[in-house]
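To start, the structure under review is shown below, and the notes come after it.
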Amino acid sequence: MAYLYGRYTVKKKSLYQKILLSLLLLIIMYTSLSVGIIFIKSKELMNYRIDSTQQSFLESSTKEMDTTLRIGVNLANQLKLNSDVNDFASMEEIDYYTITRVYQSLQDLGTAFSDFKYTIGLSKPDHELVITPNGTTSKQSFFDSLDLDREQMKQIASAQEQDRNFQLNLQYYDSKQYFTIVMNEKMNSGERISFYISYFKNSLLPNVTDEEGFGIVFGDESVSMHADEKESVHDIISLPVLKQLREDSRFSDFSSIKTSDNTIYMKHSNVLHDLYYVYSSDNAVLPVNQGINQIIWVGLISLILGGLLAFFAANRTYRPVKKLIRVFKENSVNDVEVQAGDELKYLEENYLAVKQNIHELQRIVEENNVPLKNDFLKKMMYGVLSKQAIEEGMEQYQLAFLNQPVRVAVIEFKDKFKVEKKIPSETIHLLKTQVLKYLKTELAIEFQLAIFEMDYLRFGTIIENVELEKVKKALQSAFLTIEVYSDITLIGFIGNVAEKQDSIKDSYADCVKLLEYRYALPEKSVVTMEDPLDIKETSYYYPIEKERELISYAVQGNKEKMLQTLDELLHHNMNRQLTVNNQEQFTQAIVSTIHRIVFMINEDVHKIFKDNILLTLLMCETPEQLATYMRDYFMQLLEYINQSKEEQDFAKKDELLEFVHQHYQEEISLQDLAGYLNLSTSYVSTLFKKITGENFKEYLNMYRIQVAKNLLKDKKYKISEVAESVGYTNINSFIRIFKKYEGTSPGKYES
């Protein structure tokens, strides 16, 4: 066992200083992060306010513009119903009386036009005459007054021919800027009239600053008008961005995009379905120093408070360290002085000593650890516990239902040879765990039970006394689900009811009886003692216990015991009147056992046997010939196992010693060596003793002391340095072990 150190020399409160500096650094980092987040969030809040203001501006502007547009469009719709306008549309030749009446109707509406800053005119598509509230004029003069160019005039004529509305792009000519809507309408007489609704842009569009822009996007060609005469909407917003805005507006009444220079908003008009309003604003550059004084004060106050908190926390944190050092010193068993840099080194040395003790205790516990509950259930099922032990176990493991009548059931993997063949050995343990968990969960829904792993691919189950048919159905359902999802077939054997605790062993004996003849039983997933069985004279004898013995002796290489068990099985079966079918089943069972042994030694059956053993045994003509071949195959298997063991042991020798010689400076154990070789701890322990003549711990200590003697002869190293270089973290352990093997202390040996 390791011992704790006594006297200790350390730099004064170096650990405390490290804790304080670490906390201060953490406070500084946290404060910096917090200040940065506050600064970023402040900018985000300001941007949000600006964005909300701009959206509100667009919302209010669009409402005003929609109102103006709606009045003009509604007026044109009213004129469609006017009798004078309908007469004008129907006249074939120029009728000045009709024209005068239309002019008078338009003039009567002049006041409304002037209030809303727009005007209206109308004409027949095939006439050059345009009637306005101000009189009549030619189309050319009328279009010139609206600042329309020749291309736009052609487009109007083409639109009239195609019978559709056409909206014109705003043009910038001094102060006369219009937004004109041309409406080609079918009158009651069937004739066409073109209405020209012209809006004064300065009155229609809202006022914006030099950093802002406001435009109208309409029509299939994305023609636009802008409030700023010096630039068009395409100078601010590219066509791809404009296209994206319009696409987004299909799914939402409002859309926006932020570019490197501008933030652009678009809103759909509620009056004209193909018209959109666009508002752009230069991205606001917030002043860096805006609110910076407040943020700086917040940072300074946080640093001051954080510093005080760090000082308080460092003292609180260091207090347990001081207490722990005092405890170690008070409980030390020697006066060895240790030089170290700070308090942690002292604690580390003592921790390693405690850790070594814990490892030793863990090793002892692991070697003696047994799944106690499973062990209790097994012993209870085998009938080897006293009444008092049963009562104590039932109370300890909360198994009160065992006071009532119960049944024992044994569940095993059917055709275990196939399971071993198709599932890797390292996966079988995981598979068993999952199957056991599923069975416990599913069966517990139907009745109380205790289920546990009995041995290789077999589970034991103690079930409360419910209807036998209910137990069978529950087992069959669980088995079927497992088979569907994992392709694993289970079979269950259910004994008779045990009325009392001391008769549980009898119910288990029923299961054992069924297990002995499992290969001769009908093809069922669940077999009970109530099933009709006729197996006395014609079924073969192969108890599960005998198969287990045969496997165990073969794997151990115990020739005498293996042949004794095999001869006993052969004697029983040769004296029975086996049917041909049952003799074949017995042969298959023996072959399955051989395959299971080969699987357990991690070999291939074809490597050991040159011929097909099952086919050879089935071709035997007499029972005597069959028995001879079976003995020969088992002897052949035994010779291979013993030869392989010798070869493996010899091959592992260099690996064993090399591991020790390369890692003696570390804290290594027999478990580490077993893990390195991927072998069991018990096998490595036996193998190490066989190769070196010493157990692992003795050999490791002897080798370390031999290396230490060579280092001490040089007289260049301190005893503590030598101890550490050969793998002893505790100098007391080194001194004690050195004296054990050399009969003197390292100090005397060195001198």
- Query: How far apart, in nm, are the 7 Å Cα→Cβ label points at Asp282 and Asp611?
  - Reply: 10.2
- Message: From the alpha carbon gyration tensor of region 16-83, can you work out the equivalent ellipsoid semi-axes (sqrt of 5 times each eigenvalue) and give them in Å, largest to smallest?
- Response: 65, 6, 4
- Residue-span extension gain [Leu436 to Ala651] - 0.36 nm each, minus C-alpha spacing: 73.6 nm
- Per the C-alpha gyration tensor (a ≥ b ≥ c, the square roots of its eigenvalues), region 642-682 is rounded if a/c is under 1.5, else prolate if a/b beats b/c, else oblate; here it's oblate
- Note on the structure: Diffing region 591-598: the Karplus 3J(HN,Hα) column from phi (6.51, -1.76, 1.60, θ = phi - 60°), in whole Hz with x for Gly and Pro, holds 5, 4, 5, 4, 5, 5, 5, 4
- Net +/- balance of residues flanking Gln476 in space, Cβ distance below 12 Å, scoring K and R +1, D and E -1: 0
- Pair Leu81, Ser32: separation of 7 Å Cα→Cβ label points (nm): 7.5
- Message: My understanding is that a pair violates if its Cα-Cα distance is over 30 Å; which of Lys437/Lys559; Lys373/Lys652; Lys387/Lys440; Lys414/Lys470; Lys437/Lys697 do that in this structure?
- Response: Lys437/Lys559; Lys373/Lys652; Lys437/Lys697
- Message: My understanding is that a pair violates if its Cα-Cα distance is over 27 Å; which of Lys201/Lys243; Lys472/Lys505; Lys18/Lys715; Lys355/Lys748; Lys432/Lys610 do that in this structure?
- Response: Lys18/Lys715; Lys355/Lys748; Lys432/Lys610
- Förster-model FRET efficiency, 51 Å R0, Leu344 and Asn602, C-beta, rounded to 0.05: 0.60
- Message: Report the gain in length on full extension from Ile40 to His429: 0.36 nm times residue separation, minus Cα-Cα distance, nm rounded to one decimal.
- Response: 134.4 nm
- Query: At Thr259 and Ala389, where each label point lies 7 Å from the Cα along Cα→Cβ, what is the point-to-point distance in nanometres?
  - Reply: 9.0
- Would you kindly derive the ³J(HN,Hα) couplings of region 254-267 from the backbone phi angles with the Karplus curve 6.51 cos²θ - 1.76 cosθ + 1.60 (θ = phi - 60°), listing them in order in whole Hz, with x for Gly and Pro? 9, 9, 8, 9, 10, 9, 5, 10, 9, 10, 10, 10, 9, 9
- Task: State, as an integer percentage, the relative contact order of region 664-750 based on alpha-carbon contacts under 8 Å between residues 6 or more apart.
- Result: 27
- Message: Expected output is a single nm value to one decimal: the length gained when fully extending between Arg326 and Asp415, i.e. 0.36 nm times separation in residues minus the C-alpha distance. What is it?
- Response: 25.6 nm
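A short reminder: the numbers here are calculations on the coordinates, not readings from a lab. Since the model is a prediction, treat every value here as computed from it, not as a measurement. Counting neighbours? That spans all protein chains shown, and the Cβs are built from the backbone with ideal geometry, glycine included.
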